[in-house]
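Engineer: Before we start, here is the structure in question, set down as structure tokens.
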Amino acid sequence: MSEPAPGAPAPKSLPKSLPQKAMEKLGLLRDIDLALHLPLRYEDETRITPINEAHEGEPVQCEGEVTECRVDLRGRRQLLVRLEDGGEPLLLRFIHFYPSHQKSLAVGKRVRVRGEVRHGFFGREMVHPQFKAVHEDTPLAQALTPVYPSSASLPQAYLRKAVAAGLRRADLHELLPPGVVPAKLPTLREALNFLHHPPPQAQLSTLEDHSHPAWQRLKFEELLAQQLSQQQAQRERALLHAPALRAQAGGVVERLLAALPFSLTNAQRRVSEEIAQDLALPQPMHRLLQGDVGSGKTVVAALAAAVTIDSGWQCVLMAPTEILAEQHFKKLIGWLEPLGLQIAWLTGSVKGRARQKMLDAAADGSAQLIIGTHAVIEDKVKFAKLGLAIIDEQHRFGVAQRLALRKKLATGFAAGPPQDEARPLGGQEPQATWGPSTPLEPHLLMMSATPIPRTLAMTYFADLAVSTIDELPPGRSPIITKVFADGKRPNVIEKIRDEVAQGAQVYWVCPLIEESEALDLNNATETHAELSLALPDKTVGLLHGRMPPAEKAAVMAQFSGGEMQVLVATTVIEVGVDVPNASLMVIEHAERFGLSQLHQLRGRVGRGAKASVCVLLYTGPLSQTGKDRLRAMAETNDGFEIARRDLDIRGPGEFMGARQSGAELLRFADLQDDAPLLQAARRLAPLLLDQHPQAATQQVTRWLGSKAEFLKA
Ligand code: ADP
Ligand code: MG
């Protein structure tokens, strides 16, 4: 298309047709997107099978002359057409038909039909075949006919044309220098031409299982684009500056360690050391702290905050929910306030004067630690000297939110600290690279109980340093998980009665708060009523997402204080709640939860010395993935094993909040199956970035388009 002349009136844009809109929805915007929209399968229109030779149940194409065409009125009204090619006739049967069918299939017409043959009462027949009028010499297709992933409002014929046109127009020139592509793979253009229009003799099995060299080339290209964008992000980050933070002799770190009521596990000590080493560098840390639920991440976060405060900088801790933020707040206040530190608390429900006070304390630097929900990243919030940002349960934040946070933190600091304060309060030597005009970014520590499987850590998160707590604090007893059909509910309630009589506390988790017409789920309110009735002399509480924060907090306080024996809750308790005396958890409609969510929920029990039990109630029949999930829960308590199985069941798309971005991570390649290609792409990426930076950029744009930003989050 040519650019309109300057000053010319803008052309009126035509309203978009349905198929156009459907294509947009599928992300088919650019020519390259169309060229990379690959067939699901193929139909063979390259040959004609004589009717005699068509095997039952096999899709075939036949051709012949119509010798009879009539509407049959006995029984169900239908159009019956007899087609003959010299041998046995073929009966075409249409239950849905229009007058146009009768016209196209009138006696004497020559037609080509495609469908599955079956042996009916009247001989060979096809029900609702595809058909088209032909002449004796109408040519056959030269290539297999592609069938593309599509949607209801996007006909295959339309999509085929659009893809063919996109494939012709797309810029597919070779971006990679000679000799770097794994041996014997075709060029991208050859690969795409082949996959969109394979010749009749192509081996369908290698096309379907994606082992064909043309597929290998595509997967390699995709993996390369992903590696390039990761490694580029890593290089960009290495150019940024951050304050170098160190613990001081006799400072907050030492005093916190001395005041803790327990000693650190070896794993906690090791990861704290890894974090301290990063904080001491003048580049921003970008580290994930992963550890199973209950492994003790909070104290590691507190130590990182202490290092920051020791150096005269501020720390912010962001949690995904108010309840979780409040738990941190209480715990950290308990540890840090006795040491004389100022902690501010900022969530959506802190309003008015209290809010202003918190904002002032963050902005003038009097608060050394700020704890809150995503309220801490709002525009109004300014920090005097932000040195470290900690995100708890970071996978619960969407990719877009994480991006917003990083941008926010970067701009919040664009001006750098006031010059006269540029020297950290600890009186250390300023870093050589650090001048008053250098923009500073805070260090970033992300925490998650959902470990990233190794293959993903190596690839998508190659840009992320990972510390792992692989050991639980001493004195925990393993959780026993049992799976029951909902019919066992009365027995489960009996068990609750026993447990509560012995002083234990119980969580009961429900998936939804209000009866929905579509999903007839037992809701939390009903279950609450049921349990209150069954346990008349005990306190049964209710906690759900729609309650005002103050009410939620009151219920939580009662439960953690031990005045409440049973807590019926929706998934608001999913994260971070810490009540060691709770030793039984029941999850109803467990089949509705994802695997990592179930594991997180289960982690609320097993925090004390008492042996804990988790009961998963399901309402059948279960889907295969539902069965797989519940079996995984019953078989293992290990968060890493759970994550591995989750990856098997769901594929990689949903880790690290990628789901929310709507961007599928990998379309063609599979991190496990295509490990050799991945290795090759990993090795090639730095070479391209160094020696062919322009080709590297083009490769990323070609493959990732607008998704490239997301991969950096
Ligand atoms: P998570 O990793 O799930 O966030 P928490 O930080 O909430 O776990 O820790 C779970 C519980 O274990 C808390 O009650 C915490 O105080 C306790 N804890 C943490 N570290 C230790 C330790 N080294 N020894 C004993 N208890 C610990
Ligand atoms: Mg936690």
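The values are calculated or read from the model by the stated rules, or taken from the named source; none is laboratory data. Bear in mind that the values here come from a model prediction, so they are computed numbers and not experimental data. In this analysis, Cβ positions are derived from the backbone assuming ideal geometry, glycine residues included, and neighbour counts consider all displayed protein chains. SASA here: full protein model, heavy atoms, side chains in, ligands and nucleic acids out. Shrake-Rupley method; radii C 1.70, N 1.55, O 1.52, S 1.80 Å.
Engineer: Gln679 to Thr701: extension gain in nm, 0.36 nm per residue of separation minus the Cα-Cα distance? If you can, show how the numbers build up before the last one.
Structural biologist: Details: separation 22, 0.36 × 22 = 7.92 nm, distance 2.13 nm.
Roughly 5.8 nm would be gained on extension.
Engineer: With label points built 7 Å along Cα→Cβ from the Cα atoms of Ser104 and Leu73, find their separation and express it in nm.
Structural biologist: A separation of 2.6 nm, rounded to one decimal place.
Engineer: Give the long-range amide H neighbours of Ser612: residues separated by 5 or more places, or on another chain, with amide H under 5 Å away, using H modelled in the peptide plane at 1.01 Å from N.
Structural biologist: Ile480
Engineer: Send over a whole-number figure in Å² for the accessible area per residue of the stretch 479-636, probe 1.4 Å. Don't skip to the end; give the middle numbers.
Structural biologist: Numbers: 6480 Å² over 158 residues.
For the stretch 479-636, the solvent-accessible area averages 41 Å² per residue.
Engineer: Would you kindly state how much longer the chain becomes between Asp690 and Val147 on full extension, computed as 0.36 nm times their sequence separation minus their alpha carbon distance, in nm to one decimal? Provide the component values of the computation, followed by the final result.
Structural biologist: Values: separation 543, 0.36 × 543 = 195.48 nm, distance 4.03 nm.
Computed gain between Asp690 and Val147 is 191.5 nm.
Engineer: OK, next. What's the extension gain from Glu635 to Lys25 if we count 0.36 nm per residue and subtract their Cα-Cα distance?
Structural biologist: Details: separation 610, 0.36 × 610 = 219.60 nm, distance 4.04 nm.
Separation in residues times 0.36 nm, less the Cα-Cα distance, equals 215.6 nm.
Engineer: Efficiency by 1/(1 + (r/R0)^6): what FRET value for Glu236 and Asp486, r their Cβ-Cβ distance, R0 = 60 Å, to the nearest 0.05?
Structural biologist: Numbers: r = 52 Å, r/R0 = 0.87.
Efficiency for this residue pair is about 0.70.
Engineer: Strictly greater than 21 Å: what percent of every Cα pair in the stretch 47-140 meets that?
Structural biologist: Details: 1039 of 4371 pairs.
For the stretch 47-140, the share of Cα pairs beyond 21 Å comes to 24 percent.
Engineer: Same structure again: Using the basic label-point model (7 angstrom from Cα toward the beta carbon), what is the Arg546 to Phe121 distance in nanometres?
Structural biologist: The answer from the label model is 5.6 nm.
Engineer: Using per-residue counts of other Cβ atoms within 10 Å, averaged over each peptide, order 310-316, 104-110 from highest down. Mind showing how you got there, number by number?
Structural biologist: Numbers: 310-316: 25.9, 104-110: 14.6.
Going from most to least packed, we get 310-316, 104-110.
Engineer: Averaging sequence separations of C-alpha pairs under 8 Å and six or more residues apart, then dividing by the length of the stretch 479-636, give the relative contact order as a whole percent.
Structural biologist: Details: 279 pairs, mean separation 50.2, N = 158.
RCO, the stretch 479-636: 32 percent.
Engineer: Which lysines, on any chain, are close to Lys109 with Cα under 30 Å apart, when same-chain ones fewer than 8 places away are left out?
Structural biologist: Lys132, Lys161
Engineer: Taking each pair of different alpha-carbon atoms in the stretch 154-264 once, compute 1/r for the pair, average those values, and report the inverse of that mean as the Kirkwood hydrodynamic radius in Å to one decimal.
Structural biologist: On the way: mean 1/r = 0.0519 Å⁻¹.
The Cα-based Kirkwood calculation yields 19.3 Å.
Engineer: Now for a different question. Which pairs in the list Lys330/Lys351; Lys488/Lys538; Lys297/Lys380; Lys331/Lys385 are over 26 Å apart, alpha-carbon to alpha-carbon? Don't skip to the end; give the middle numbers.
Structural biologist: Working: Lys330/Lys351 19 Å; Lys488/Lys538 22 Å; Lys297/Lys380 29 Å; Lys331/Lys385 23 Å.
Correct reply: Lys297/Lys380.
Engineer: Please give the Cα centre distance for the stretch 93-129 versus the stretch 166-224, rounded to the nearest Å.
Structural biologist: The stretch 93-129 and the stretch 166-224 have Cα centres spaced 38 Å from each other.
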